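Everything below concerns the one structure shown next.
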Amino acid sequence: MLVDKGLYMRSPHVIPVKETSFVESKKFMGGLFGDKRPLNVIEITNIYINLKRNALGKTIMVGFSQVAQSKEVGQFMTRGGDIAAKHTKVFSEFLEESYLPVSMSWDMEVTDSTSPPFSEKLMMFMTTSLIALSAGIYATSAASSARKDISLNFIRLSAEIANYAEDGANILIKNGWFEEPPHPADHDELANR
């Protein structure tokens, strides 16, 4: 149905190669400045998936920010939307440099409702869970990208979301929403009581 209505954005398509070729120069890894080789399929996949995830994350943050009851949670969600928009822009630029399609935004899907369908505790838990997931996906993307400039961008963006995650954890702790995960017994503490 989305294809019929012209709303479906296809993922980047690469023409299959007819024969195998091998890297013959360290230039394949690319430098941070100057000429850069075209993106390879692994890099395109990582960038496109992260672009789509951030576009969806931005939309979720916009929705959560307008239904949050406390100013602190609302501002946290707004900041998350801003971060996701910035990351989306970084990933879009990589694809546009290679003349590849950029994913559509879901911003138009957010209604004008200000009635919270979820508790702030649930929204904060979901947001911090998405941040943790993003950190893992960024690490995998950085490790599998051969171009240094791409890997460094994933690392740089990871540092930004790590800072954001810490602020989210502080809000959860402050409000008594951060349940401590199970852990093994502390035998040193038990022995010295």
Which residue, chosen from 11, 118, 152, occupies the Cα position most advanced towards the positive end of the dipole of the chain, where the dipole is computed from +1 (Lys, Arg) and -1 (Asp, Glu) charges on Cβ about the Cα centre?
11
What order do you get for 20, 128 when you list them from fewest to most C-beta neighbours inside 10 Å?
20, 128
Exposed-loop-free span, longest in the chain, where chymotrypsin sites (Phe, Trp or Tyr not before Pro) count as exposed if DSSP calls them loop and at most 11 other C-beta atoms lie within 10 Å
100-193
I'd like the distance separating the alpha-carbon centroids of the range 80-135 and the range 143-193, in whole Å.
20 Å
Heads up, the range 117-160 by the C-alpha gyration tensor (a ≥ b ≥ c square roots of eigenvalues; a/c under 1.5 rounded, else a/b over b/c prolate, else oblate) looks prolate
P(r) histogram, all alpha-carbon pairs of the range 55-119 included - 5 Å bins from 0, percent:
4, 19, 23, 21, 14, 9, 6, 4, 1
With +1 assigned to the C-beta of every Lys and Arg and -1 to the C-beta of every Asp and Glu, and no other charges, what is the dipole magnitude of the chain about the Cα centre in debye, to the nearest 20?
580 debye
What percentages, rounded to whole numbers, describe P(r) for the range 114-193 computed over all alpha carbon pairs with 5 Å bin width beginning at zero?
3, 13, 16, 14, 13, 12, 12, 9, 5, 2, 1
Base-10 log of normalised Debye intensity for the range 35-193 (one unit scatterer per alpha-carbon) at q = 0.14 Å⁻¹
-0.76
From the helices alone, meaning DSSP H stretches of at least four residues, give me the mean residue ellipticity at 222 nm for the chain, per-run term -39500 (n - 2.57), in deg cm²/dmol to the nearest 500.
-20500 deg cm²/dmol
Hand me the GluC sites (Glu not before Pro) from the range 65-138 located in a DSSP loop with no more than 10 other Cβ atoms within 10 Å, in residue order please.
none
For the Cα atoms of the chain, what angle does the longest principal axis make with the long axis of helix 120-144, in degrees from 0 to 90, nearest 10?
30 degrees
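Just so you know, all these numbers are worked out from the coordinates, no wet-lab data involved. The structure displayed is predicted, hence computed values, not measured ones. Neighbour counts run over all protein chains shown; Cβ positions are idealised from the backbone, glycine included.
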